[in-house]
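Read the structure below first, then the notes.
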Amino acid sequence: MFNPIQVIAVFLINKYRAIIKFFRFIKWIIWNQAILGTLNWIKNVWNDYFWRHVVYWSKKIYKNISFFFWKTFPSKASEEEIKKYKLFIKSLGGWANIIFCSCCVRSWHFKILHSFLIDWEILNQFGMKILYFEWPYLKLAPRAYSKWLFRRLKILTNMPFSLSKRYRKSLYRHY
């Protein structure tokens with residue numbers, strides 16, 4: 001009838017399959033439910049309570065400060081802006097007429113070689129307030145964003161290295 005060895009072999013094979021199925025089920029429970037489920041829950045909590053707010057505020061801040069990005073990249077200026085900066089330097093007599101220059105938060109300081117080279121009519125077109133002028137010193141106030149405007153002026157008009165090396169040093173230490 002039945003061979004006892006075949007019966008035992010089939011019994012052991014079925015037990016082996018049951019054990020493998022059990023371990024696969026345990027692995028599925030541990031891996032999918034415990035580990036992946038927990039990681040998915042952590043990801044959802046992170047997105048709901050933290051990342052959503054980071055994205056919201058970063059978009060809001062970016063929208064509010066996007067106007068100021070022109071300060072960061074002076075090389076991306078329009079031709080009209082470059083011409084305006086070059087005209088400003090030309091109205092001061094060019095870089096050859098400027099011995100020293102420095103920039104403070106709200107003012108620009110120049111030491112001028114020859115005062116007769118300054119074209120006051122063109123200089124007044126820029127809307128800068130002349131705070132102080134007594135040859136050889138000229139102090140201008142360009143309304144706002146002074147340092148960034150000065151950096152753009154420096155890059156777009158090819159300020160000589162001898163001036164750009166020292167442009168942060170103040171000429172008015174006695175004031």
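The values are calculated or read from the model by the stated rules, or taken from the named source; none is laboratory data. Quick caveat: nothing in here was measured; it's all calculated off a predicted structure. In this analysis, Cβ positions are derived from the backbone assuming ideal geometry, glycine residues included, and neighbour counts consider all displayed protein chains.
Just a few scattered comments:
- Applying a threshold of 6 Å to beta carbon distances and a minimum spacing of six or more residues, or different chains, the list of pairs starting in the stretch 56-73 at a residue that is surrounded by 10 or more Cβ atoms within 10 Å (Cβ to Cβ) and ending at one that is at pLDDT below 70 is empty.
- Elements of the type helices (runs of 4 or more DSSP H) sitting completely within the stretch 11-123 and holding at least 2 residues that are out of contact with any His (no Cβ under 8 Å at 6 or more places or on another chain) and closer than 24 Å to Arg151 by Cβ: these cover 52-65, 69-72, 79-91.
- Of all residues in the stretch 1-10, exactly one satisfies the criterion of being in a helix (DSSP H, G or I), loosely packed, with under 10 Cβ neighbours inside 10 Å and of a type in the set (A, V, I, L, M), namely Ile5.
- Some residue of the stretch 92-105 being farther than 18 Å from Leu163 by Cα, surrounded by fewer than 16 Cβ atoms within 10 Å (Cβ to Cβ) and either charged (D, E, K, R) or outside the structural domain of Trp148 (by TED's automatic domain parsing) (or both): no
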